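Reviewing the structure listed below.
The values are calculated or read from the model by the stated rules, or taken from the named source; none is laboratory data. Note that this is a predicted model, so its numbers are computed, not measured. Cβ: placed from backbone, ideal geometry, glycine included. Neighbour counts: every protein chain shown.
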Amino acid sequence: MAKENLLQIVQDILSDADSDAVNSISATVEAEQCARVVRTIFNQIQDGTDIKYKEGIVELDATSVATPNVMLRPPGFYDVEWVRYNIKNATSDPNKFEKIRYQDADEFIDWTSSRASDDPTVESVTLESGYEMLVRNDVQPTFWTFLEGEDHFIFDAYDRNLDSNLQASKSLAYGKTKPLLALTDLSVPDLPEHLFNQLKFQARALFFDLYKDGSTREIDKLSRRSEVRVQRHRHLTKMENVEKQTGQDFGRLRRRGGGRTTGRRH
C-alpha cells in the first residue's frame, strides 16, 4: 500500500479539524501550519527511534571567498567516514578525487600554525570564531578537521589558481544521511510503516493542541495505541540486534581507527 504524501496527510488532518479543504499545503495559512506540524513530528520520531539511516556519498557545501578553506555539512548528513577532494592541478586534467586525511584539532592547529605568515603562498583566514588560521593558497588540501562545531569542515589549503574557494562539485564525503521532509505537496515522509501511523496520529494531536483548542479523546487514544505498537516493535528489533550483534551505535562524536569520525544526530 502506497504511503500518503504530505498534502494527503494535511488534507486528512484539516478534514478532521473541520477546516477548509485545500489542494495544496500552500493554499492557506492553516494548511502551512499543519504541514510544519507534520515535519516537526517527523523530526522528533527520527531522533527518538532506532532508525538505521542510509549510507551514501554527498557533496559538502561551499562557503565563500572570505573562508576559502571552509566547507559545511549538508543538512541531514552525519557520521562521516571519509572526505575526498578533486586535487587535479589544471582544469584540463582528469578528475582525481584524493582522500583528505583527518587530523585532531590540536594536531591540525600545530600543522597550520608552523607556517610563515610572510610567505606569499600563505594567507590568514579568519574563521567564524575569530581564530586566524594560516592557510596555503597554492596547493590542494591535505588535511581536514572540526574546529568550530561539527558543521564546519576546516581544510588546511586551497588552490586559488584554480578556484577562489573550495568547491562543492569537487568534494565527496561518505557517511549516513538522515532523511528530510521537504514542505512540498508530493513529499512522502521516509519512515517505516510502523512509524508512519505514529506520525499521522501525533501530528494530528499536536495540530489540535496548537490550533484547535486541544485534541479530542479519540485522537489521544489512537496516538497512545500507535506509540505502544512502536515500542513493541522497537523491543523486538533490539532483541534481534543483540542476538545477531549487528546493532548500530549513534553515540556522541568520537574518533575511530583509520581517521573515521562519527557525529551526533541533530
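In the set (1) small (Gly, Ala, Ser); (2) assigned to a loop (DSSP other than H, G, I, E, B); (3) assigned by TED's automatic domain parsing to the domain that holds Asp156, the condition left unmet by Ala62 is number (2).
Please determine whether any residue of region 178-200 is among the polar types (S, T, N, Q), within 26 Å of Lys96 (Cβ to Cβ) and touching a residue at least 24 places away in the same chain (Cβ under 8 Å). Don't jump to the end; show me each part of the working.
To start, the set of residues in region 178-200 that are among the polar types (S, T, N, Q) comprises 184, 187, 197-198.
Still in the list and also within 26 Å of Lys96 (Cβ to Cβ): none.
No, region 178-200 contains no residue that is among the polar types (S, T, N, Q), within 26 Å of Lys96 (Cβ to Cβ) and touching a residue at least 24 places away in the same chain (Cβ under 8 Å).
For region 74-96, the tally of residues that are in contact with a strand residue (DSSP E or B) (Cβ under 7 Å, 6 or more places away or on another chain) and surrounded by 15 or more Cβ atoms within 10 Å (Cβ to Cβ) stands at 13. Against the conditions (1) surrounded by fewer than 15 Cβ atoms within 10 Å (Cβ to Cβ); (2) touching a Ser or Thr at 6+ places or on another chain (Cβ under 7 Å), Glu59 satisfies every one except (1). Among the residues here, Pro75 does not qualify as over 12 Å from Ala173 (Cβ atoms), in a loop (DSSP other than H, G, I, E, B) and without any contact (Cβ under 8 Å) to a residue 24 or more places away in the chain. Every test in (1) surrounded by 13 or more Cβ atoms within 10 Å (Cβ to Cβ); (2) modelled with pLDDT of 55 or more; (3) charged (D, E, K, R) is passed by Arg260 save one, and that test is (2). Consider only pairs whose beta carbons are under 9 Å apart and that are at least six residues apart or on different chains; among these, list those whose first residue lies in region 112-133 and is on the phi < 0 side of the Ramachandran plot and whose second residue is part of a loop (DSSP other than H, G, I, E, B) and of a type in the set (Asp, Glu). Pairs that qualify, where the first residue is on the phi < 0 side of the Ramachandran plot and the partner is part of a loop (DSSP other than H, G, I, E, B) and of a type in the set (Asp, Glu), are Thr112/Asp156; Leu127/Glu148; Glu128/Glu148; Ser129/Glu148; Tyr131/Glu148; Met133/Asp156.
Just for region 162-203: of the residues that are assigned to a loop (DSSP other than H, G, I, E, B) and in contact with a Phe, Trp or Tyr (Cβ under 6 Å, 6 or more places away or on another chain), which one is farthest from Leu127 (Cα to Cα)? Talk me through it step by step, then tell me what you get.
As a first pass, look at region 162-203 and keep what is assigned to a loop (DSSP other than H, G, I, E, B): 162-167, 178-192.
Within this subset, residues satisfying the condition of being in contact with a Phe, Trp or Tyr (Cβ under 6 Å, 6 or more places away or on another chain) are 166, 178, 181, 189.
On the way: Leu166: 15, Lys178: 27, Leu181: 31, Pro189: 36 Å.
Step by step, filter region 162-203, then rank; the result is Pro189.
One line per residue, one yes/no per condition, for (1) buried (at least 16 other Cβ atoms within 10 Å of the Cβ); (2) among the hydrophobic types (A, V, I, L, M, F, W, C); (3) part of a loop (DSSP other than H, G, I, E, B); (4) in contact (Cβ under 8 Å) with a residue 40 or more places away in the chain:
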| residue | (1), (2), (3), (4) |
| --- | --- |
| Ser15 | no, no, no, no |
| Asp20 | no, no, yes, no |
| Asn23 | no, no, yes, no |
| Ala31 | yes, yes, no, no |
| Ala35 | yes, yes, no, yes |
| Val38 | yes, yes, no, yes |
| Ile41 | yes, yes, no, yes |
| Gln46 | yes, no, no, yes |
| Glu55 | no, no, no, yes |
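Scan region 134-161 residue by residue and report those that are assigned to a loop (DSSP other than H, G, I, E, B), in contact with a strand residue (DSSP E or B) (Cβ under 8 Å, 6 or more places away or on another chain) and not charged (D, E, K, R). Answer for region 134-161, where residues must be assigned to a loop (DSSP other than H, G, I, E, B), in contact with a strand residue (DSSP E or B) (Cβ under 8 Å, 6 or more places away or on another chain) and not charged (D, E, K, R): Asn137, Val139, Gln140, Pro141, Thr142, Leu147, Tyr158, Asn161.
Quick check, is Pro192 outside the structural domain of Ala66 (by TED's automatic domain parsing) and not polar (S, T, N, Q)?
Details: outside the structural domain of Ala66 (by TED's automatic domain parsing): yes; not polar (S, T, N, Q): yes.
So Pro192 fits the description; yes.
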